[in-house]
Amino acid sequence: MVAQKSVVTPQSEDFPRWYQDVLNKAELAENGPVRGTMVIRPYGYALWERMQAEVDQRIKAAGADNAYFPLFIPESYLHKESDHVEGFSPELAVVTMGGGRELAEPVVVRPTSETIINAYLSKWIQSHRDLPMLINQWANVVRWEMRPRIFLRTTEFLWQEGHTAHASQQSARTYAAKILHEVYRDFMEQVLAIPVLVGYKTAAERFPGAINSMCLEAMMRDTKALQMGTSHELGQSFATMFDITYLDAEGNQEHVWQTSWGVSSRMVGGLIMAHGDDRGMVVPPRLAPTQAVVVAVRSDANVVEACHSLATELHAKGVRVKVDDATDTGFGRRATNWELKGVPMRVEIGPRDLEQQQATVVSRIGTEKQAVGLGDVPAVLVRELDRAQQAILATATAWRDSKIVDVNNLSTAREAAQVGFARIPWQVLGTEGEAALAKDAISVRCLQRADGSLPQAMEEPDLMAICARSY
RNA sequence: CGGGCUGUAGCGCAGUUUGGUCAGCGCACCUGCUUUGGGAGCAGGGGGUCGCCGGUUCAAAUCCGGCCAGCCCGACCA
């Protein structure tokens, strides 16, 4: 076997450059003409569509229904919640002209939709029988970012945002945690194969307008943290400002308790940086738009026919499969391109294979090739796909865990956070320590219990702070 | 928005110090032939107002001024 030339900048040499190389060579996305915008190419969008499908299914299972609210929001709506407007004002895109004339009231392009959705929830909610009201929308939002990075932080990005109203604080809190665990964590670990730490955001990191922000934090291959998703308890502030009230069973007028929660196209960046290696992307099989590619090694009618017939068989078994019979491109180049895209399994068929009535099966996460009888390929592939899914999660988890260091003072925390996650008792760190670490670009990613579980309240004793550099 | 670096073909770059056969290289692309089991070879070919505007000069990718954009490091954030 010929030594493989490096096709992207090695991670160890220059991680940001590696990321750019993968975006380009795997044909995922590129910059749009307006600063901070991105063009998502078909393969990148296929990854997002798979994410949408899996997340949407879980959201519906959690009882929320999809709806759609407008892109434009009256500027006055934003001003109804003071923390909210303060948090988002610096990054708003505001439209002042329309139809060639100055608008009487400027409209903002939504940076998030709490305000407009709550304006309507207040019309729709009258009785305790209307609660809980569970709404989700898939949309694009715009935040004028100072330092954009494709997928991780773009001026316009794609996401889902859930907005719910409940009769009690407990119901809202329970639901926000349910979304965190049953929708987000389950999706990220079981589908994306990315292990996440869950916890509360500190007051400094909280969503503008929330009384409690819960989050999921993943570690990228450069040991920086990426916030993969959030679920917020909004308390009653939006309910008060937008007058969302209901009559309870005793006939009392009450304000609802609310939540909001979201995951975005940022997850595509997280996927790239959580699993990728020096050969490109590694896409876990349950997510992969293409789980297996059947490659015709040489231009030969029998070979090409065997590839298509095997693909048909695999498709019938529920494998998302493609045939690569573009034999006017050399085999090596095609193999490399599929690896760059992170397609989990490759099945190679050439004349030599055909003579033996076999195919050569290669996993993206391994290097060895195995010869498999043609008839056994579907069963082997199904087994290997499952194995790869488990292996990718296990590898990512073991690696991340090896980069989490327990520390007990500020200076060791600072040191540990340069090369991983520093875990330090919150009562040792405190808000002063948090501010001190911020000077070195280290933030408290989340507060969690010592066993890694989600706290019930900020005031719980013995919470641990996870500190890291982040995207 | 601060600090640093960089804008030359789709991508990556050389050339700028010392103005003048510098419009160049590698990859990619097109055609033909030979190839195809890990980024193929040979031959031929297409593509760039050198980021933009202005200035200096007989002459500007090169010098001067301004602007714009991108990347990296920070502050802000999904």
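Looking only at the range A:329-339, how many residues end up being of a type in the set (A, V, I, L, M, F, W, C), touching a residue at least 40 places away in the same chain (Cβ under 8 Å) and near RNA strand B (Cβ under 7 Å from one of its atoms)?
Qualifying residue count, the range A:329-339: 1.
Open to solvent by 20 Å² or more (accessible area, probe 1.4 Å), of a type in the set (Lys, Arg) and free of Cβ contacts under 8 Å to residues at least 24 places away in the same chain: which single residue out of A:LYS403, A:LYS439 fits that description?
Numbers: A:LYS403 fails: free of Cβ contacts under 8 Å to residues at least 24 places away in the same chain.
Going through A:LYS403, A:LYS439 in turn, the sole match is A:LYS439.
Taking the range A:209-262 as the region of interest, how many residues are at pLDDT 95 or above, out of contact with any Leu (no Cβ under 8 Å at 6 or more places or on another chain) and acidic (Asp, Glu)?
4
Would you pick out the residues in the range A:283-302 that are small (Gly, Ala, Ser) and open to solvent by 10 Å² or more (accessible area, probe 1.4 Å)?
Within the range A:283-302, A:SER299, A:ALA301 meet the criteria.
If only one of A:ALA274, A:ALA316 is closer than 25 Å to A:ASN24 by Cβ, of a type in the set (A, V, I, L, M) and more than 13 Å from RNA strand B (Cβ to nearest atom), which one is it?
Criteria check complete, one pass: A:ALA274.
Determine whether the range A:91-104 contains at least one residue that is part of a helix (DSSP H, G or I), assigned by TED's automatic domain parsing to the domain that holds A:ALA204, over 19 Å from A:ILE244 (Cα atoms) and open to solvent by 20 Å² or more (accessible area, probe 1.4 Å).
Yes, that holds for at least one residue.
Among residues belonging to the range A:347-377 that are closer than 27 Å to A:TYR45 by Cα, touching a residue at least 40 places away in the same chain (Cβ under 8 Å) and more than 7 Å from RNA strand B (Cβ to nearest atom), point out the one that is surrounded by the fewest Cβ atoms within 10 Å (Cβ to Cβ).
A:ILE365
Condition test on A:ARG320, is it closer than 26 Å to A:ALA274 by Cβ, assigned by TED's automatic domain parsing to the domain that holds A:LEU429 and open to solvent by 30 Å² or more (accessible area, probe 1.4 Å)?
Considered against the rule, which asks whether it is closer than 26 Å to A:ALA274 by Cβ, assigned by TED's automatic domain parsing to the domain that holds A:LEU429 and open to solvent by 30 Å² or more (accessible area, probe 1.4 Å), A:ARG320 comes out as no.
Among the candidates A:SER6, A:SER82, single out the residue that is within 16 Å of RNA strand B (Cβ to nearest atom), of a type in the set (Ser, Thr, Tyr) and farther than 30 Å from A:LYS224 by Cα.
A:SER82
Kindly evaluate A:SER411 against the criterion of being open to solvent by 60 Å² or more (accessible area, probe 1.4 Å) and modelled with pLDDT of 95 or more.
In short, no.
Name the single residue that is least open to solvent (accessible area, probe 1.4 Å) among those in the range A:378-393 being away from RNA strand B (no atom under 15 Å from the Cβ) and of a type in the set (Gly, Ala, Ser).
Filtering first and then ranking leaves A:ALA391.
Take A:LEU78 and decide whether it is open to solvent by less than 30 Å² (accessible area, probe 1.4 Å) and within 19 Å of A:LEU103 (Cβ to Cβ).
For A:LEU78, the condition - open to solvent by less than 30 Å² (accessible area, probe 1.4 Å) and within 19 Å of A:LEU103 (Cβ to Cβ) - is met.
Looking only at the range A:144-157, how many residues end up being open to solvent by 40 Å² or more (accessible area, probe 1.4 Å) and either more than 7 Å from RNA strand B (Cβ to nearest atom) or at pLDDT 90 or above (or both)?
2
Counting just the residues of the range A:186-220 that are outside any strand (DSSP E or B) and under 18 Å from A:THR164 (Cα atoms), which one comes out farthest from RNA strand B (Cβ to nearest atom)?
Per the criteria, the residue is A:ILE211.
Please give the helices (runs of 4 or more DSSP H) falling wholly within the range A:1-85 in which 2 or more residues are in contact (Cβ under 8 Å) with a residue 60 or more places away in the chain.
A:15-25, A:42-61
Go through the range A:221-238 and give me each residue that's surrounded by fewer than 24 Cβ atoms within 10 Å (Cβ to Cβ) and either outside the structural domain of A:SER89 (by TED's automatic domain parsing) or not in a strand (DSSP E or B) (or both).
A:ARG221, A:ASP222, A:THR223, A:LYS224, A:GLN236, A:SER237
The values are calculated or read from the model by the stated rules, or taken from the named source; none is laboratory data. The structure displayed is predicted, hence computed values, not measured ones. Using ideal geometry, Cβ is built from the backbone for each residue, glycine included, and neighbour counts are taken over all protein chains shown. Side chains are part of the model used for accessible areas, which takes the heavy atoms of the whole protein and leaves out ligands, DNA and RNA. Shrake-Rupley method; radii C 1.70, N 1.55, O 1.52, S 1.80 Å.
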